[in-house]
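Student: I'd like to ask some things about the structure below.
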Amino acid sequence: MRRSAAPSQLQGNSFKRSKLIPPGRSNPNLNEEISRTNPDIKLLQGTTSNAFHQSQNDPGVCSSNVLPSEESSKEVNHGDESSGQFRSQTHAMTALNPLQIVHSSSKEITESKAQEEEPGSLFKYFSVVWCKASKKKHKKWEGDAILIVKGRSFTLKDLEGKDIGRGIGYKFKDLDNIEEGQTLMIAGKEIEIMGVISPDDFNSGRCFQCGIGSPAAPNFSQPVRKCFSNPFKSVCQPNSKENRLNDLQSCKPRHDPYAPNSLVMPRPDKNHQWIFNKNCFPLMDVVVDPHLVHHLRQHQKEGIIFLYECVMGMRTTGRCGAILADEMGLGKTLQCISLIWTLQCQGPYGGKPVIKKTLIVTPGSLVKNWRKEFQKWLGSERIKIFTVDQDHKVEEFIKATFYTVLIISYEMLLRSLDQIKTIKFDLLICDEGHRLKNSAIKTTTALVSLSCEKRIILTGTPVQNDLQEFFALVNFINPGILGSLSSYRKIYEEPIIVSREPSSSKEEKELGEKRAAELTCLTGLFILRRTQEVINKYLPPKIENVVFCRPRALQIELYRKLLNSQVVKFCLQGLVENSTHLICIGALKKLCNHPCLLYNSIKNKECSPTDENEERNLYRGLLHAFPADYNPFLFAESESGKLQVLVKLLAAVHELRPSEKVVLVSNYRQTLDILQEVCKHHGYNCARLDGQTPVSQRQQIVDGFNSKYSSDFIFLLSSKAGGVGLNLIGGSHLILYDIDWNPATDIQAMSRVWRDGQKHPVHIYRLLTTGTIEEKIYQRQISKQGLSGAVVDLAKSSEHIQFSVEELKDLFTLHESSHCVTHDLLDCECTRGKDHTDDSVEKLTISRPCQLGPHHQKANCRKPLSMSQLKQWKHSSGEHLSLTDPFLERIRENVSFFFQNITNQATTM
Ligand SMILES: Nc1ncnc2c1ncn2[C@@H]1O[C@H](COP(=O)(O)OP(=O)(O)OP(=O)(O)O)[C@@H](O)[C@H]1O
Ligand SMILES: [Mg+2]
């Protein structure tokens, strides 16, 4: 709260101030004094202790600011003054003793209410300044506030959205006649009306944002024609008057702004020049190096202009942060490299470079990728990059002054924070920066402690699903722009959340929508997100398949036994903790991957007989279901439906596309071990990257696989450990062997191959075991997250999921007779009105319109996929597949159902 800096004081409004009379509501003599000396002043008395006592006795009289009723506190929380069926009127009049009004007869009140009801339904909003009522001659306004008047009631809110005064039951004409410049006494405060606020400004929350710099309109004025200078000539640095005059003639843009396809940054407007060009350097066009522009896609050019305007403080005055939230694979790295290279060599004022040193913080597995990308786009001569690792410490960067860019992992940053703090960085880039959504974690506090104000967050993961996390990210790049956390919650979060409740009123919905729109509009100035569609045209076709694999006999037997266990029964009766549900879910998921994983877990538990816990109980009696001579190291394909399909798929790719490679993804290291052994057994060379792969080796492994000279046919990837940001374009087939609760994990993995640089059509296979928990997780991914439109979040894992007993019942059911439970749930034309038995499905598949074939409608490929979108995908049971896909053909006998969607369809597969 600002003190002694309220607008009227700053502006020195003597006329208005002369009207100020020391307020003193609780002192009746003072009121008299006020009215005697200043008949202009209105006393709107809503919050005296007298009034409160009265209201206790007379339910018809309400005075808030003191113990608001339940109804009124709802009003407070939601910022919604609409619920006002006022219980009575209190009083609102010029120089009138409030007690007189309190004693008004109820008849009078009713009559006046009836007369005034209609106009009272309209809201009026005023910006005001306020201070406590006092007799002092020279007083200080304590702050700005918003006065909301509806009919015969008012609420006074501070700029954090908190109620600081309320009252109801005033005379309509008193509240109706409020006008600019007027001084009022209300709720124990003296206020001065500064101006009228439009309903739109209030509903959008804009009126609370007076602390925010106004958005500066981007300036796209055409550059003035000038000769361009030699790109390698150093920029001028004027320091004296003569120099400056000389510079006026000699300073030229580094690159020709008029060359065909040149990318010229917008010029700063007058306001910007006033603030940032104190030395009156000549205005210079900032032109992106044509060497880079040559490669840039249109969306990347726009992204560079956006980043430039943000970090230059041209979009939001005084703020230099940006969030580039483009979907995965859109080339955020290249956009940043272009920005760094431009700002490091040029600037709008006399051409003086805007930045000297840049700090890039990134996940460990991407440190080398950043170096590679710098080299790819700028070569190794133009810019000197320093990457921190075990052998190259930050001290080296400090000593060797020619390095201008420091690339470091988040982990290393924490370890080297003291040294990092000694360096003056002008630009900070946080790659995969959604991890900063928690302001309490060490990484965030470490980065906040750096003084650099030009900050960019890069993330391919949408950031707006959790409003508090969103606040943390925004507050990191543009500190304070959304006000304090408490005001943000009051002004935006609470109304938005309330409006999304099914029980919310029409007004609450409207307010929430307006606030959400305003928040989007405000943050849209410095957040940019483009979706994959913008590069689809540069990418080869993507054929995405969801493959439902029939479980094998051993799997079904063990699955039944697990579901019949005491532990699962206790889960279904709601008798056990969430951790026990997770143990059961974990066992079922292992079984779906391969029974040997379950066998090993049972054996491990047996080895520690003293360890009496739920997991041990769950496994009781299960060993008997395995053959007596069971060998868990054979990894028999015939024991796992998915493994059988996988082996056939690999063989098909190897045979039909000998020059293409496969990325094979699992979330579990033990599963990757099995897959690795199986690959070895079939003579396929593999590369592997999981959580245990040393960070220093990761890029080398990725490069090796992507190289056309590599003999590796398969890349085994643990998606959680190393998925983000990797480019695995060496592979054109990607198989997701298991499913994660969080669709973002799977989407991240799938985005590794279908990205810029990919030459082949991409085939994606998501393997699910029919009728099992894997289908349930998939349904949860696409129904809950997809349908609600909620965006996904990488950090949320199953540990954070709470299950209702109903959900658990569904999770712990095995559907043995269905071809595809997911399809059964779709209410698809092909099954509508029929029993979901094997027979009926099979008969229908022959003629149904949604079968693979020309009738299918192309689904919107935007993620996350929803159930209704899935229905639009081509689908069919294994038996009735119309065989245009040679890979699916090879696996059809092990598969009960397929869904397929093709993006960027081409004639060949
Ligand atoms: N204009 C371009 N022309 C050709 N290749 C490009 C272009 N822009 C980017 N690429 C390449 O596309 C790939 C993906 O780029 P990048 O890694 O920057 O994506 P990203 O947006 O950071 O995605 P993620 O969110 O997955 O990290 C890289 O190999 C990059 O070199
Ligand atoms: Mg990236």
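No value in this document is a laboratory result; all are computed from the given coordinates. For clarity, every value in this text was computed on a predicted model and none was experimentally measured. Don't worry about glycine lacking a Cβ; one is built from the backbone with ideal geometry, like all the others, and counts go over all protein chains shown.
Student: Which pairs, out of LYS278/LYS352; LYS661/LYS759; LYS301/LYS357; LYS162/LYS490, put more than 18 Å between their alpha-carbon atoms?
Tutor: Beyond 18 Å: LYS301/LYS357.
Student: Turning to a different aspect of this structure: Between their Cα atoms, which of LYS542/LYS776; LYS136/LYS270; LYS537/LYS871 are more than 32 Å away from each other?
Tutor: Numbers: LYS542/LYS776 25 Å; LYS136/LYS270 43 Å; LYS537/LYS871 25 Å.
Checking Cα-Cα distances, LYS136/LYS270 exceed 32 Å.
Student: Which entries in the list LYS603/LYS642; LYS132/LYS157; LYS368/LYS454; LYS384/LYS708 go over 21 Å, if you measure between the two C-alpha atoms of each? Walk me through the numbers on the way to the answer.
Tutor: Values: LYS603/LYS642 23 Å; LYS132/LYS157 14 Å; LYS368/LYS454 23 Å; LYS384/LYS708 29 Å.
Over 21 Å apart, Cα to Cα: LYS603/LYS642; LYS368/LYS454; LYS384/LYS708.
Student: Run through the stretch 531-614 and list the GluC sites (Glu not before Pro) located in a DSSP loop whose Cβ has at most 11 other Cβ atoms within 10 Å.
Tutor: GLU577, GLU612
Student: Here is a follow-up. DSSP loop chymotrypsin sites (Phe, Trp or Tyr not before Pro) in the stretch 653-750 with at most 14 other Cβ atoms within 10 Å of their Cβ, which ones?
Tutor: TYR709
Student: Give me the distance in nm between label points sitting 7 Å out from Cα along the Cα-to-Cβ direction at THR520 and LYS136, one decimal.
Tutor: Calculated label separation equals 4.6 nm.
Student: Same structure again: Using only alpha carbon positions, build the gyration tensor of the stretch 553-625, then give the equivalent ellipsoid semi-axes as the square roots of 5 times its eigenvalues, largest first, whole angstrom.
Tutor: On the way: eigenvalues 63, 47, 22 Å².
In descending order, the three semi-axes are 18, 15, 11 Å.
Student: Given a Förster distance of 41 angstrom, what is the FRET efficiency for PHE570 paired with SER439, based on the Cβ-Cβ distance and rounded to 0.05?
Tutor: 0.55
Student: For the stretch 312-386, rounded, prolate or oblate, judged on the Cα gyration tensor with a ≥ b ≥ c (square roots of eigenvalues), a/c < 1.5 rounded, else prolate if a/b > b/c? Write out the running numbers ahead of the final one.
Tutor: Working: a/c = 2.09, a/b = 1.27, b/c = 1.65.
Cα axes put the stretch 312-386 in the oblate bin.
Student: Work from the charge dipole of the stretch 523-582 (Cβ charges, +1 for Lys and Arg, -1 for Asp and Glu, about the Cα centre) and give the residue of THR531, VAL568, PHE548 farthest towards its positive end.
Tutor: Of THR531, VAL568, PHE548, it is PHE548.
Student: Out of the GluC sites (Glu not before Pro) in the stretch 143-184, which ones are loop residues according to DSSP with at most 13 other C-beta atoms within 10 Å?
Tutor: GLU179, GLU180
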